[in-house]
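**Q** Encoded as structure tokens, here's the structure I'll be asking about.
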Amino acid sequence: MDTTQLLKGVLDLAVLAVLADDDAYGYHIVRTLRDSGLEEVGDASVYGTLRRLYRSGKLTSYVKPSDEGPHRKYYGLNDEGRDHLESGAKTWRSFIDTMDSLLEGATA
Amino acid sequence: MTTHEPTTPDPTDDKPSNDSPAATLTADRSDTTDSAGEISDYVDRVRHHLSDIDGEELDDLIHDLELHLREVRAETDQPFTTVIGTPENYAAELRQTAGFGAGPPTTGYDPGRVARLEARVARFFQARLDSLESYTWGRAFVDFLPELRPGWWVARGYLLAVLIGWMTSPSPIGPLGIPSFGGSAVAGLITTPILIVLSVRWGRRRYRGFKKVAVLAAGVIAVLTGLALTGRISDNSNDAMYYEPVGEYWHEPEQDWTILPANIYAYLPDGTPLDEVMLFNEVGDPVDLPEVGFSERLGSTFEAPPVTIDGRGVPNLYPRKLSIPNLDPTSDLDEQPLTGDEPAAELVVPAPTVVPFPDKLDEPDRAETRPEPSTTTSTVENTR
């Protein structure tokens, strides 16, 4: 199983995690995810996730004009997004622990 | 994961300052036109595959993509399809992760091509409009143009009705300027409003693809019909102006000059010539002879008729003067061409309503003493 299947369930969490530290624009988010090891994540998936999170009220969005370069559209977490990230991270960890113990028993 | 409608706008949430996200994109001058065109092409195809998505959300999706492509192009020269996939695939993946359902089924032909062509044409004109809008009057004019569109829709329908009238009726335009249909002005009263309503419907709905081309073709045909129509109108008005001028009055030749004399000479019974008589017929109309200008029969040219002080020509003053003296052997005829010095004020023109005295003739004596026609012709001869 490649990571794309796994990724589909957790891309929301990954995107929220990238934005936890700082607001970022789309291209930077894509690059960060790729650089951190998720090489198969598609650009469209990232943007689709961003829009869905925004529409569900977990992200803010604004355009930052730039003097020397092109303007960029930034996304950031709002309070609801932070809550969602926190609860999602908890869910994730407990899930991982469950899977780890299952796999340990199976592959040991 | 909970999903619900977004809350009231966050204070830090700023939409782009312009109405259209694309406007902010083109506002930056850092793009070369090539990459802007390349981005637009890709984006148009993606937009086409997402056409079922609501407009504002679609605009946001597309705006994100445009910015992304710009960053991509800044990083690499590879074609977009290589870097992020084909527009179709991108659109499908975007649709899925953004939470929209499956899109409309794709058809056999490439709709993107028409969309791309439309977009290219629109960008061309938009660039022209942008340069026009830099003048304040240009902006006012450009802002006003959309208000003319409904008028164009009505005109288009009417002109198409005129065209159908031309094709189906011998007299294409009926009363009140409404085109006929199939030879009937009444049928035209029904079909013309139908065509106008159809044209307004075409204008109000935004078609794409082949339907849009069909509507544009109808518009071109309507414009051509309008040009042909104005051509016909100017032709007809030229005809109306075609009269032969004689001096300063308009003369409409309608009598057969072969049976009417070229000139009339009047004499009193005792042979005294009457230099100037004014002749009227039984209803008070001036007797007017049709030959004007050069008279073939007489071999010389009529002078312009005298005019009254208010500029009216007097066509029924006889004998009509010829520019070359008449070579009549009856030398008691006094021919003097009128010169320009003749004061027009000496001429007394009776009112047209005056009934000539022959109708009121109540003196039998006078009637009896009227000269025989043969008598008068003996003293009057036309030059041959």
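The values are calculated or read from the model by the stated rules, or taken from the named source; none is laboratory data. The model shown is predicted, which means the values in this text are computed figures rather than measured ones. We place every Cβ from the backbone using ideal geometry, glycine too, and count neighbours over all the protein chains shown. To get the accessible areas, we keep the full protein, side chains included, count just its heavy atoms, and leave off ligands, DNA and RNA. Shrake-Rupley method; radii C 1.70, N 1.55, O 1.52, S 1.80 Å.
**Q** Considering A:Y75, A:Y47, A:Y62, which residue is surrounded by fewer than 19 Cβ atoms within 10 Å (Cβ to Cβ), within 29 Å of B:D54 (Cβ to Cβ), of a type in the set (S, T, Y) and within 11 Å of chain B (Cβ to nearest Cβ)?
**A** A:Y62
**Q** Tell me, yes or no, whether region A:41-52 has at least one residue that is over 20 Å from B:V43 (Cα atoms) and free of Cβ contacts under 8 Å to residues at least 12 places away in the same chain.
**A** No, region A:41-52 contains no residue that is over 20 Å from B:V43 (Cα atoms) and free of Cβ contacts under 8 Å to residues at least 12 places away in the same chain.
**Q** Under the condition of being assigned to a helix (DSSP H, G or I), touching a helix residue (DSSP H, G or I) at 6+ places or on another chain (Cβ under 7 Å) and modelled with pLDDT under 85, which residue from region B:181-202 is least open to solvent (accessible area, probe 1.4 Å)?
**A** The extreme case among them is B:G188.
**Q** Another question about this same structure. Scan region A:27-37 and tell me whether some residue there is part of a helix (DSSP H, G or I), out of contact with any Lys or Arg (no Cβ under 7 Å at 6 or more places or on another chain), open to solvent by less than 20 Å² (accessible area, probe 1.4 Å) and not β-branched (V, I, T).
**A** So in region A:27-37, the residues part of a helix (DSSP H, G or I) come out as A:27-35.
Narrowing further to those that are out of contact with any Lys or Arg (no Cβ under 7 Å at 6 or more places or on another chain): A:27-35.
Next cut, open to solvent by less than 20 Å² (accessible area, probe 1.4 Å) only: A:29-30, A:33.
So of that shortlist, the ones also not β-branched (V, I, T) come out as A:33.
Yes, region A:27-37 contains at least one residue that is part of a helix (DSSP H, G or I), out of contact with any Lys or Arg (no Cβ under 7 Å at 6 or more places or on another chain), open to solvent by less than 20 Å² (accessible area, probe 1.4 Å) and not β-branched (V, I, T).
**Q** Can you list residue pairs whose Cβ atoms sit under 7 Å apart, with the first residue in region B:62-91 being under 15 Å from A:S45 (Cβ atoms) and the second being polar (S, T, N, Q)? Count only pairs 6 or more apart in sequence or on different chains.
**A** B:V83/B:T76
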